[in-house]
Amino acid sequence: MSVKPDSWIIEQGEKGMIEPFEKSQVSRGVISYGVSSYGYDMRVGDEFKIFTNIFSTIVDPKNFSTNSFVDFKGKECLIPPNSFALAKSLEYFRIPRDILCIVLGKSTYARMGIIVNVTPLEPEWEGFVTIEISNTTPLPVKVYANEGIAQVIFLKADGICINSYRDKNGKYQKQTGIWLPKID
């Protein structure tokens, strides 16, 4: 596998791999987003699900309760101490069959004790990315909507995969919002 440079990302972005697509790095006065040297800095949208323990619900991936979250929409999201929020990317992604994407949190947030977790974007997966944003600090942390949250790194395979995410009818294919855990 090899990492794809910015020229390839710009070409693919203009073909609809990323929508909306920013072909240059935007950084003045915001947490940066857009094309970087070997990746794309995606933005977090303005919809969040903030984790809460108000109802003392057990967190169970096989029987997940929507009571574990409070829905929030806004320009800034406060994540409580030692808690997390789910959000969706501002961008919609269409990953080519010969590409695998690794997503890593932006250093601006990492330096504040924020961990951004996203599973790999598999070949032929498409949708808005569900982003987990963990606050590891004992203080509330502010996350800015419509600004950078994580970098997507594009890895090109030497060949085409036998079974893509689309071929497997993946349960998170074509995500339109913040999707909670599912068990088939």
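Within region 6-20, at least one residue is modelled with pLDDT under 85 and buried (at least 16 other Cβ atoms within 10 Å of the Cβ).
Across region 133-166, the qualifying residues are those that are basic (Lys, Arg) and in a strand (DSSP E or B), and the one among them that is nearest to PHE72 (Cα to Cα) is LYS142. Exactly one residue out of GLY127, GLY177, GLY170 is out of contact with any His (no Cβ under 9 Å at 6 or more places or on another chain), in a strand (DSSP E or B) and within 24 Å of GLU19 (Cα to Cα), and it is GLY127.
Okay, residues lined up against (1) under 28 Å from ARG166 (Cβ atoms); (2) in contact (Cβ under 8 Å) with a residue 60 or more places away in the chain:
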{"site": "GLN12", "(1), (2)": "yes, yes"}
{"site": "MET17", "(1), (2)": "yes, yes"}
{"site": "ASN53", "(1), (2)": "no, no"}
{"site": "LEU90", "(1), (2)": "yes, yes"}
{"site": "CYS101", "(1), (2)": "yes, no"}
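Just to be sure, is GLY13 under 19 Å from the mean Cα position of the chain (by Cα) and either farther than 14 Å from GLY148 by Cα or aromatic (Phe, Trp, Tyr) (or both)? Here the answer is yes, as GLY13 does meet what is asked. Taking the listed residues ASP46, ASP71, the one that is within 18 Å of GLN175 (Cα to Cα) and more than 16 Å from the chain's Cα centre (by Cα) is ASP71, with no other qualifying. Looking only at residues in region 146-184 that are of a type in the set (Val, Ile, Thr) and touching a residue at least 12 places away in the same chain (Cβ under 8 Å), which one is surrounded by the most Cβ atoms within 10 Å (Cβ to Cβ)? Only one residue fits best here, namely ILE149. Every test in (1) in a helix (DSSP H, G or I); (2) touching a residue at least 12 places away in the same chain (Cβ under 8 Å) is passed by LYS49 save one, and that test is (1). From the list GLY127, GLY45, GLY105, the lone residue that is out of contact with any Gly (no Cβ under 9 Å at 6 or more places or on another chain), at pLDDT 95 or above and on the phi > 0 side of the Ramachandran plot is GLY127.
Residue count for region 71-102 satisfying the condition of being farther than 30 Å from SER2 by Cα and part of a strand (DSSP E or B): 11. Only one of the listed residues (SER56, SER27, SER37) is modelled with pLDDT under 95, within 18 Å of THR108 (Cβ to Cβ) and either aliphatic (A, V, I, L, M) or exposed (fewer than 11 other Cβ atoms within 10 Å of the Cβ) (or both). That residue is SER37.
Of everything listed in (1) more than 28 Å from ASN169 (Cβ to Cβ); (2) surrounded by fewer than 16 Cβ atoms within 10 Å (Cβ to Cβ); (3) more than 14 Å from the chain's Cα centre (by Cα), the single unmet condition for ILE115 is (3).
The values are calculated or read from the model by the stated rules, or taken from the named source; none is laboratory data. Just so it is clear, the model here is predicted, and its values are computed rather than measured. Neighbour counts are summed over all protein chains in view; Cβ atoms, including those assigned to glycine, are modelled from backbone coordinates with ideal geometry.
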